Structures are given as structure tokens and as C-alpha cells.
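Some notes on the structure that comes next.
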Amino acid sequence: MILGVHLTDILPFIAIGFAAQIVDGALGMAFGVIASTLMVSVMGVPPARASAGVHLVEMFTTAASGISHVLHKNVDWKLFSRLVIPGIIGGVVGAYVLSISGDFARPFVMTYLSLIGLYLLLRAFGIPPKPREPRVIAPLGLIGGFLDAAGGGGWGPVVTSNLLIQGTNPRETIGTVNTAEFFLTTVISITFVLTLGVEAFTIATMGLLIGGVIAAPFGAILVKRVQPRLLLGLVGTVLTLTSAYSVYRALT
């Protein structure tokens, strides 16, 4: 027993946090989707509490992941500086516009991301494009931040995938988006804490936090060592599968 919590009660959530963060740290997306899906579908956690817990945990996991990416030189600081402020603005706006339901738009956004995933897969197994500077950054950060706050997730899938489509380097893109996400998630997490208070910090949240922080350094190591074409294919696969599943759940 740790802090009054039985190890058998918290271990499943530690495993979920570890698995979700390994994928997110290596591919720049999917922590929220994987963690929320497993918590709700497998562990029976109420959706609202799962969402609050995931965002709260991401404040710590993105910090650990961001530090690791910085140490492994996976961050493009020029791209970071152009992305982070619009992302925070979008996150703040999204947090205050929760009265506009994100459920209506979510199937359309997920369908779009599924198609983006398929396109990235085709690029990964076809002729790789020449790396080039992205042209659309600030609007992308603004939209990604808004969707992440108002729609319950979307920063990684929206921002990472669209930057890759524009021809950015996969390793630096993933590291930069992960690092910028810390600042965005902190804003959203503070909103959840102010709204829900200590109720947001449950056994599930503790487990996700422990597993996620343990896994965070490994994602940065993986993204540094995996070939860009393979990274592109993995991003496309995860994006397609998670988005298609979200569309299925929204329509059933």
C-alpha cells in the first residue's frame, strides 16, 4: 500500500500511462486518445473524469518529455517560438468556449485526421518529399490549441500531422510539438483544477502520472534513433487508427 492506495488498484493506470506516453513521446501524439480510451472502455472511468485526469497528467508528462527532447536536440527553436504563443491563445479561447460543444465537430475533425494519416502513410512508403520550411504555423497552432481545449484533445494529431505534410523534419517536428504542448497543457490543466478542485486528482490520475513520467525519456530516445521514413509511417498508422476509432465511437 502506497499513500493509502493498494498497488493492485493503481498498477493498471501506471501501465496505461506508460504505454500512452511511449507512443506520444515517440510520435508526437495520442497520449490523450490512448489513455482516455483505455480508462473509459477498459477501466470504467467516467468520461469527464478521465478527460480531466488526462489533461492534468499531461502537464507533468509533457514537461518531462519536453526536457528529454531538448536534451536530445530534437527541438527546432525557431518553429517552437512561432507555434507556442498561438497554441496557448487557442487553448485559452477553447477553455472558455466549452459551452460550444466539441462533440458536434469532433467526427468531422477525426475524419479529416484519418485522411491525413492515410496520406502520410502513402508518403512514407512512396517517394519521400524534400524537407522544406513550413509556411502555415501560427494559424495551425491556434486551431490545434483550440481543439485540444474545447474538443478534448487534438494538439498532437492536428499540429504534428499538418507540419509533416508541409515537409518538416519528422524528428524535429515531433520534439518541437511535444515541447510546446507543455505550455498549452498547463493552461488547460489549470482551468480543470480551478473548476474541479482536488476531485480531478484521483487514483487513476496518480497512476497515469507515475507511468507517464517514467516513460517520457524513452520517447525522445526512440524518435532520435528511428529513421524519418519509418517515423512518418508510424505517425500515419497511429493517426489513422485512433482517428477512425474516434469517428466510429462518435457515430455509434
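Here, each number is a calculation from the coordinates, and none is a lab measurement. Keep in mind it's a predicted model, so treat the numbers as computed, not measured. Cβ sites come from the backbone with ideal geometry, for glycine too, and all protein chains shown count toward neighbours.
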Order by protection proxy (mean Cβ within 10 Å, highest first), peptides 133-145, 218-230: 133-145, 218-230
Would you kindly calculate the mean projected area, averaged across all directions, of the convex hull enclosing the Cα atoms of the range 18-75, in square nanometres? 3.8
As a test of understanding, state the convex hull volume per residue of the range 133-172 from its alpha carbons, in Å³. 57
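How would you rank 20-29, 181-190, highest first, on the average number of other Cβ atoms within 10 Å across their residues? Intermediate results must be reported in sequence, preceding the final value.
Values: 20-29: 27.6, 181-190: 22.7.
In descending order of packing, they fall as 20-29, 181-190.
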Between the modelled labels at residue 81 and residue 214 (7 Å from Cα along Cα→Cβ) the distance in nm is 3.9
